[in-house]
Amino acid sequence: MTPEAYEALSIDTTHWWFVGRRSIIRDMIGHIPVPSRAHIVEIGAGAGGNLPMLQAIAAKQGGSVTAVEQDPLSRQRAIERSGLEVQGGSLPDDMPAIAQSDLILLLDVLEHIEDDASALKYVATLVKPNGHVLITVPAFNFLWSDHDRAHHHCRRYTKKGLDRVLRETGFEIERITYFNTILFPVILMARLIGNMLPMRHSPSGDVSMPGKAANAFLTKLFGSERYLLQKANLPVGVSVLAIAKLHPTRTEGSPKGFPNRRTGSPERLTFNQETHVDR
């Protein structure tokens with residue numbers, strides 16, 4: 001992780017994009033039928049900015065939270081923030097075993113994985129019958145920029161593309177929508193103009209902390225989309241969000257995973273990610 005990226009670890013609880021996305025995710029989880037004593041897993045927890053929220057949700061149900069993060073510096077920060085034993089590992093063959101879960105979150109993770117279909121097949125081994133996955137990814141290849149290169153993205157998605165790879169790997173879509181819609185025109189224009197200029201090769205991409213007033217305004221603006229999403233799916237946006245569960249045929253004879261190269265036990269999934277803002 002570059003020094004610039006490490007600096008970004010300190011802003012994931014205050015930067016408008018992280019805070020706005022977290023408010024949307026919290027609202028979305030509230031509409032998922034999570035059972036009592038639920039086990040919630042975040043794969044790619046970064047510096048742990050989402051973990052207090054997930055711990056609060058799990059605590060109301062008498063449940064528990066497990067977190068996985070590949071980067072050692074991010075993992076240490078996540079441990080300090082949450083008190084959890086955040087586990088390390090990397091996709092696809094160096095991951096500690098994780099108990100099957102009621103809800104798995106991959107928040108801006110899948111775009112970092114070259115073989116996203118294989119990744120989702122691994123995730124399927126971790127989901128309990130009637131369990132869910134909540135996934136967010138950056139949208140539209142025409143928004144591709146130096147930011148994506150700086151954060152080692154393999155792709156951006158359309159709603160149709162994410163829907164397809166989820167269905168092909170055994171998931172049943174319950175909801176899929178674009179989000180970060182209100183700011184889409186501004187970000188689109190910025191990306192198009194930026195792509196016409198000489199590449200900046202910024203080690204941290206677009207991540208920067210705006211002024212206090214601007215950050216507060218953008219936080220409220222982005223976060224307000226949760227009210228729109230309570231009414232309908234959004235037709236366009238900088239990101240895609242999907243909620244899915246295993247197709248009923250996949251819950252019969254629960255899949256056992258693949259042998260872990262280190263232990264011989266069923267292999268589990270994480271990925272190779274630096275803390276980042278995917279937009």
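Kindly establish whether VAL207 is buried (at least 21 other Cβ atoms within 10 Å of the Cβ), within 17 Å of the chain's Cα centre (by Cα), of a type in the set (Val, Ile, Thr) and at pLDDT below 95.
Here the answer is yes, as VAL207 does meet what is asked.
What are the residues in the stretch 113-128 that are of a type in the set (D, E, K, R), out of contact with any helix residue (DSSP H, G or I) (no Cβ under 9 Å at 6 or more places or on another chain) and outside any loop (DSSP other than H, G, I, E, B), if any?
LYS121, LYS128
Residue by residue, here is whether (1) in a helix (DSSP H, G or I); (2) farther than 24 Å from TYR178 by Cα; (3) at pLDDT below 95 holds:
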position: MET1; (1), (2), (3): no, yes, yes
position: PHE18; (1), (2), (3): yes, no, no
position: ILE24; (1), (2), (3): yes, no, no
position: MET28; (1), (2), (3): yes, no, no
position: ILE32; (1), (2), (3): no, no, no
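Which condition number in (1) part of a loop (DSSP other than H, G, I, E, B); (2) crowded, with 19+ Cβ neighbours inside 10 Å is the one that ALA97 fails?
Of the numbered conditions (1) part of a loop (DSSP other than H, G, I, E, B); (2) crowded, with 19+ Cβ neighbours inside 10 Å, the odd one out for ALA97 is (2).
Can you tell me how many residues within the stretch 105-136 are over 18 Å from ALA67 (Cα atoms), in contact (Cβ under 8 Å) with a residue 40 or more places away in the chain and among the polar types (S, T, N, Q)?
So the answer is 1.
When you go through ALA45, ALA67, ALA58 one by one, which is the residue that is assigned to a loop (DSSP other than H, G, I, E, B) and in contact with a strand residue (DSSP E or B) (Cβ under 6 Å, 6 or more places away or on another chain)?
Of the residues listed, the single one that is assigned to a loop (DSSP other than H, G, I, E, B) and in contact with a strand residue (DSSP E or B) (Cβ under 6 Å, 6 or more places away or on another chain) is ALA45.
Pull up the stretch 129-175, narrow it to residues that are closer than 28 Å to GLY194 by Cα, hydrophobic (A, V, I, L, M, F, W, C) and outside any helix (DSSP H, G or I), then point me to the one that is farthest from the chain's Cα centre (by Cα). Break it down stepwise before answering.
Looking only at the stretch 129-175, we keep the residues that are closer than 28 Å to GLY194 by Cα, and these are 135-162.
Imposing the further condition that a residue be hydrophobic (A, V, I, L, M, F, W, C) reduces the set to 135, 137, 139-140, 142-144, 150, 154, 162.
Now restrict to residues that are outside any helix (DSSP H, G or I): 135, 137, 139-140, 144, 154.
Details: ILE135: 6, VAL137: 7, ALA139: 13, PHE140: 16, TRP144: 18, CYS154: 15 Å.
If we take residues in the stretch 129-175 being closer than 28 Å to GLY194 by Cα, hydrophobic (A, V, I, L, M, F, W, C) and outside any helix (DSSP H, G or I), then TRP144 is farthest from the chain's Cα centre (by Cα).
The values are calculated or read from the model by the stated rules, or taken from the named source; none is laboratory data. These numbers come from a predicted model, not from an experiment. As a convention, Cβ positions derive from the backbone with ideal geometry for all residues, glycine included, and neighbour counts pool all protein chains shown.
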